[in-house]
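Q: Got a structure for you, questions after.
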Amino acid sequence: MITPISYSYVVIAAGVGTLLWVTWRRKRIRTYRYELSTRGTKSSLKAVRELDDYFELTGVPRPKPLPDFNIDEALPRPYRPFRWRYHQTMSLLNMEPDWWIELESTYRERISQRKDLYAQHGTKIVDSMPGSQDACLELAEMVIQFLCARYPNQFHRDAAGIFHNTILGTHTDLQTVEPLIFLLENVPEDFLIVQEDEKSGSYHFRAGVSASAVGWNMSLKIGKPLNEVHGPVPFYKEKMQYSMDRFFSKMTCDKPIQRGSWGFEIGQPLYMQADEPQWSHRNIQDPNLDINDIYLRVDWQTLRRLPKSRAIVFNFKALFTPVTHFREEPFIPRLVATVIRESERPFMEYKASFHTEHKLLPSLDKWAKEQEEKSWVPRDWKVRTLDENPFYPGWESDHRY
Ligand code: HEM
């Protein structure tokens, strides 16, 4: 029989038990958060898995699952990260936890392109330096946890440590796969890993998968500090270097960020190098260029710190949209035309939009006028960054999952 006294003992014991468990759990998480991993290079993704819940470790919430997700119908969100007046700044937004890795209908095609590029170019596409192994393992583990949580019908890890990708019909043994190869073959995004250099305190590019580089490749940048990686970026030294270095040293795991980079291309070049014949076409304005062949390329990027290795990972996907879509996107034609015409020249030269401008600008002007006539845009609109940045008003009706 339970008397009031014995009942009190039970309540007290349960309270003490809970307190001890919470304290132990917090201590364990703290340990993981602040200690560098001591695992050797033989550690596998299976071993990492048994220890860590990366949503808990990072403090970034688990994404909302998409049980009805259909890869063949999934459109990417229509990123239009145009800003006016344009100033070269970091232009960071808080990352939305549901959208760290966003899959869409080009998935199969991109994965196959990435594998081909790796077969052709080797360490220009995937490479890592000694000392980055733990960071690579940790990154792959975080990605696996995200994919399985966000896309439960597409990805699954079983008790034996096999990763099942039902989109591709592949089954990967996580005990033996190289983490960067796992990323190359399952996620159509590039991942660049930077680590703090113990001597200088600055962040160096130490490992990555990079199949979407235009004008550069891993072998030109690996091992370098961020200021050298960004050498060709106009105004980087004067306007960004100081804030970037500060930002990297202070960045915490629970505050990932996102930003977008954009450019205009003929066709959809995912990976292009300066020694390819196509590259020289960027200096020519072809009078026969068809507006239907010009694409906006947005590299949608996120940046986050890994809790155990303390490395920072920069990942991005390249998304191509025919510029003819702008016709239906309120404010975008005028905003883009202003950015192209009035930005500082070094910036537009770096963007290399010269080879498209002669066809793009007249079309943008025409669509901007049409939008005014339809009263989508006020005639006296003073061009500025949109409140919906990085999207545009009404974008949700164009976005389908
Ligand atoms: C807050 C973080 C970062 C900011 C604000 C930033 C900013 C930029 C900007 C403004 C550009 C020029 C293209 C554009 O308009 O976006 C650029 C290019 C580039 N960034 Fe970053 N970046 C960041 C982090 C990183 C990290 C961590 C890496 C990893 C190695 C990286 C690698 C590169 C590379 C390889 C390029 C191309 C450079 C070239 O043209 O040779 N960035 N970045």
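What follows draws every value from the coordinates through simple rules; no lab data is involved. Since the structure is predicted, the reported quantities are computational estimates derived from the model, not experimental observations. As a convention, Cβ positions derive from the backbone with ideal geometry for all residues, glycine included, and neighbour counts pool all protein chains shown.
Q: Report, in degrees rounded to the nearest 10, the 0 to 90 angle that the Cα long axis of helix 133-150 makes with the longest principal axis of the chain.
A: Value to nearest ten degrees: 80.
Q: Let me ask something else. May I ask you to list the lysines whose Cα is less than 23 Å away from that of K317, ignoring any residue fewer than eight positions away on the same chain?
A: Qualifying lysines at Cα under 23 Å: K64, K115, K124, K221, K224, K255, K351.
Q: How high is the relative contact order of the range 144-207? Use alpha-carbon pairs under 8 Å, at least six apart in sequence, and give a whole percent.
A: Reported as a whole number, the value is 15 percent.
Q: Along the positive direction of the dipole of the range 198-334 (beta-carbon charges: Lys, Arg +1; Asp, Glu -1; about the Cα centre), which of P269, N288, S243 reaches farthest?
A: Toward the positive end, the furthest listed residue is S243.
Q: Going 7 Å from the Cα of T170 along its beta-carbon direction, which residues of the range 55-86 have the amide nitrogen within less than 18 Å of the resulting point?
A: Correct set: 71-72.
Q: So if each residue of separation counts as 0.36 nm, and I subtract the Cα-Cα distance between L92 and S112, what length gain in nm does that give?
A: Answer, rounded to one decimal: 4.1 nm.
Q: Counting only C-alpha contacts under 8 Å and six or more residues apart, can you give the relative contact order of the chain as a whole percent?
A: Answer for the chain is 21 percent.
Q: Moving on. Give me the number: length gained by fully extending W216 to A274, i.e. 0.36 nm times residue separation minus the C-alpha to C-alpha distance, one decimal in nm.
A: In short, 20.1 nm is gained.
Q: While we're looking at this one, here's another question. Evaluate the distance, in nm, between pseudo-label points positioned 7 Å from the Cα of R85 and of E228 along their respective Cα→Cβ axes.
A: Result for the modelled spin labels: 3.6 nm.
Q: So between I162 and D286, what do we pick up on full extension, going 0.36 nm a residue minus the alpha carbon distance? Before the final figure, lay out each step's value.
A: Working: separation 124, 0.36 × 124 = 44.64 nm, distance 5.09 nm.
Value of the extension gain: 39.6 nm.
Q: Does anything in the range 320-339 have its amide N under 20 Å from the 7 Å Cα→Cβ label point of K382, and if so which residues?
A: Residues passing the 20 Å test: 331-339.
Q: So, in nm, how far is label S261 from label F247 when the simple model puts each one 7 Å beyond its Cα toward the Cβ?
A: 1.2 nm
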